[in-house]
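Q: Handing you this structure, nothing more for now.
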Amino acid sequence: MDIFSPTGPLVTRIKGQQPQLQPSPEASQSFYRNLEDALDARRTSHTLYSIVQNSWQVNDAVADFSSNDILSLGSSGLLRAEYLNELAQNPASNPGAGGSRLIDGNYTYLEETEQVIASFHGAETALLLASGYEANIAIWTAIPRPGDVILYDALVHASTHDGMDQSLAVEREEFGHNNIVDFRRALLAILESKPLVKQGKRSIIIAVESVYSMDGDVCPLQELVDIAKDVCPKGNAQFVVDEAHSTGVLGPNGAGLVCALGLENEIAVVMHTCGKALSSRGAAILGNKTIKAMLINFAKSIIFTTAPPFAHVALMRAGYKLLGSEQGQEARDQVRSRLEFFLETITSHPLWEEATAKGLLAIPILKDWEEKPLATSHIVTIWTRQHCTYWLYFHLLFAGFCVFPVEHPVVAKNQSRLKVTFHAGNTETQVEGLVVAIYEWVQEMLDSQCSGIQGKGKNKATRAAGEVYAWMAGEKLTGFGMPAV
Ligand SMILES: Cc1ncc(COP(=O)(O)O)c(C=O)c1O
């Protein structure tokens, strides 16, 4: 494949990082110049985002181990067929919404769909929104009250942070990611410093996610709930669980982690999104009638925006129909079997011990995998030596496997890793090929002068990366793990 196609994703992404040294006519005006300066700061640190179609989208020879179409409902055509079915069953529906939910944007189909989704998850009510981002803003602006304290896992999503920034609860505490000991410590510290919380007159609202997408690990939700009950027996420690990455994947019919653990009556607010395994977009906030009333009264991201239109609600409903179908279950089983096959194959390879001992491969979720089926999802992160993350990424891309390189600022500095997402549509041959390609690279690292151990050959990249860097050098570009000369 032509990885260096001038309009391809790799070239577009890398070239985009070059500062605009020659200002365009617009950029010579101070308004645009100031904007370009802000972009240049990103370019200089090689952190400029650009919008491109990903490698697996533009090249049939590249396998998708990156997208959020986890159950392959989108790529298989299943969602499209079910959506058309939904439209055909409602021939008279106006595709639009008609206004804000609180004025002219409420309609029977939307209310029915909310009931369907609420019962799917065993919740009293559901409220549909256009996206998970909007849903998190709505939750955090409406639910915590003045004097409440928010306690959040260190790795919660940016949308939760944006929501918390707008919250009426000014006190905010963080606890170590998935760390139950630190969670207890933080709860006790809040009780110690906030007499009204200790008296049960104000609440602690706890933000967690069921699956953390940049790590692929699962929240120890049952343990956290037990600790919260133990430390706050007055019932004023309540959870908000963001299920974005477990919707459709974990639990009965893919109803999520809360349902998998039977915690439907213990969790105040649950947020599901349709942008990942459901292959479309949108979100549902689940809770009791009080929660729903609070959202529609206090969340500006619901009040001052148009309601989800029929065309969108029908897409979400079609996705939910598939989740509960035989095909949905088959897809979930397929994802699980691909993940297990990958973990078994990579860990039983003759080079596994050496690769891990030499810091060339690490898979953090492995520690929980076999004993706790609920501790893994469909995401695996692969870590290598920090300066080599892109080298492995380029090697896999050249071999026809598209994974996602996770770098700063998406994660903290020196925390880069490759994120591999398994899909129902990934074949066993693809998974096997991915493992073979990973070990080709490991072997290259072991054999060559690229290892970087004790300075030996530290500046020499592996073959695929070397090709990318040779092209970059010709273009006078830097970054992406290119060794300093
Ligand atoms: C944990 C989490 N919550 C919320 C969102 C936002 O969801 P949406 O893409 O539907 O806006 C995302 C999206 O990446 C997410 O990962």
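Q: Would you point out the residue of region 152-174, among those that are among the hydroxyl-bearing types (Ser, Thr, Tyr) and part of a helix (DSSP H, G or I), that is farthest from the ligand (Cβ to nearest atom)? Can you show your working first?
A: Within region 152-174, the subset among the hydroxyl-bearing types (Ser, Thr, Tyr) is 152, 159-160, 167.
Right, trim to part of a helix (DSSP H, G or I) and you get 159-160.
On the way: Ser159: 5, Thr160: 7 Å.
Going through the qualifying residues, I end up with Thr160.
Table: residues versus (1) under 25 Å from Thr306 (Cβ atoms); (2) surrounded by fewer than 21 Cβ atoms within 10 Å (Cβ to Cβ); (3) not assigned by the TED database to the domain that holds Phe304.
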residue	(1), (2), (3)
Tyr107	yes, yes, no
Gly122	no, yes, no
Asp148	no, no, no
His157	yes, yes, no
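Q: What number goes with the only condition from (1) of a type outside the set (Ser, Thr, Tyr); (2) more than 16 Å from the ligand (Cβ to nearest atom); (3) in the same structural domain as Ile379 (by the TED database) that Ile70 does not pass?
A: Evaluating Ile70 over (1) of a type outside the set (Ser, Thr, Tyr); (2) more than 16 Å from the ligand (Cβ to nearest atom); (3) in the same structural domain as Ile379 (by the TED database) leaves (2) as the failure.
Q: Under the condition of being outside any helix (DSSP H, G or I) and touching a residue at least 40 places away in the same chain (Cβ under 8 Å), which residue from region 178-200 is nearest to the ligand (Cβ to nearest atom)? Outline the logic, then answer.
A: From region 178-200, those outside any helix (DSSP H, G or I) are 178-179, 194, 199-200; that's our starting set.
After this cut, where a residue has to be touching a residue at least 40 places away in the same chain (Cβ under 8 Å) as well, the list is 178, 194.
Numbers: Asn178: 14, Lys194: 28 Å.
So, considering only residues that are outside any helix (DSSP H, G or I) and touching a residue at least 40 places away in the same chain (Cβ under 8 Å), the one nearest to the ligand (Cβ to nearest atom) is Asn178.
Q: Still on this structure: Among the strands (runs of 3 or more DSSP E) confined wholly to region 351-433, which include 1 or more residues that are over 14 Å from Leu339 (Cβ atoms)?
A: The strands (runs of 3 or more DSSP E) meeting that bar are 404-406, 417-421.
Q: Go through Leu84, Leu71 for me and flag whichever is in contact with a helix residue (DSSP H, G or I) (Cβ under 8 Å, 6 or more places away or on another chain) and of a type outside the set (Val, Ile, Thr). First the steps, then the outcome.
A: Details: Leu84 fails: in contact with a helix residue (DSSP H, G or I) (Cβ under 8 Å, 6 or more places away or on another chain).
Just a single option satisfies the conditions, and that option is Leu71.
Q: Hey, another quick one. Anything in region 34-62 that is at negative phi and in contact with a Gly (Cβ under 6 Å, 6 or more places away or on another chain)? List them, or say none.
A: First, the residues of region 34-62 that are at negative phi: 34-45, 47-62.
Leu48, Ser50, Ala61, Val62, listed by residue number.
Q: So, of the residues in region 241-291 that are in contact with a Lys or Arg (Cβ under 8 Å, 6 or more places away or on another chain), assigned to a loop (DSSP other than H, G, I, E, B) and not β-branched (Val, Ile, Thr), which turns out to be farthest from the ligand (Cβ to nearest atom)?
A: Gly248
Q: Among all residue pairs at least 6 apart or on different chains, which show Cβ distances below 6 Å where the first residue, located in region 25-43, is under 18 Å from Arg13 (Cα atoms) and outside the structural domain of Pro409 (by the TED database) and the second is of a type outside the set (Ser, Thr, Tyr) and part of a helix (DSSP H, G or I)?
A: Within 6 Å, the pairs are Glu36/Ala27.
Q: For the subset of region 353-390 comprising residues that are under 17 Å from Asp333 (Cα atoms) and among the β-branched types (Val, Ile, Thr), which member is modelled with the lowest pLDDT? Let's see the steps before the verdict.
A: First, the residues of region 353-390 that are under 17 Å from Asp333 (Cα atoms): 369-370, 372-380.
Adding the requirement that they be among the β-branched types (Val, Ile, Thr) leaves 376, 379-380.
Working: Thr376: 71, Ile379: 94, Val380: 95.
Only one residue fits best here, namely Thr376.
Q: Given the criterion closer than 16 Å to Leu315 by Cα, without any contact (Cβ under 8 Å) to a residue 40 or more places away in the chain and under 30 Å from the mean Cα position of the chain (by Cα), identify the matching residue among Ala81, Ala88.
A: Numbers: Ala88 fails: under 30 Å from the mean Cα position of the chain (by Cα).
Just a single option satisfies the conditions, and that option is Ala81.
The values are calculated or read from the model by the stated rules, or taken from the named source; none is laboratory data. Since we're looking at a predicted model, the values are computed, not measured. Cβ coordinates were reconstructed from backbone atoms using ideal geometry, including for glycine residues, and neighbour counts include every protein chain displayed.
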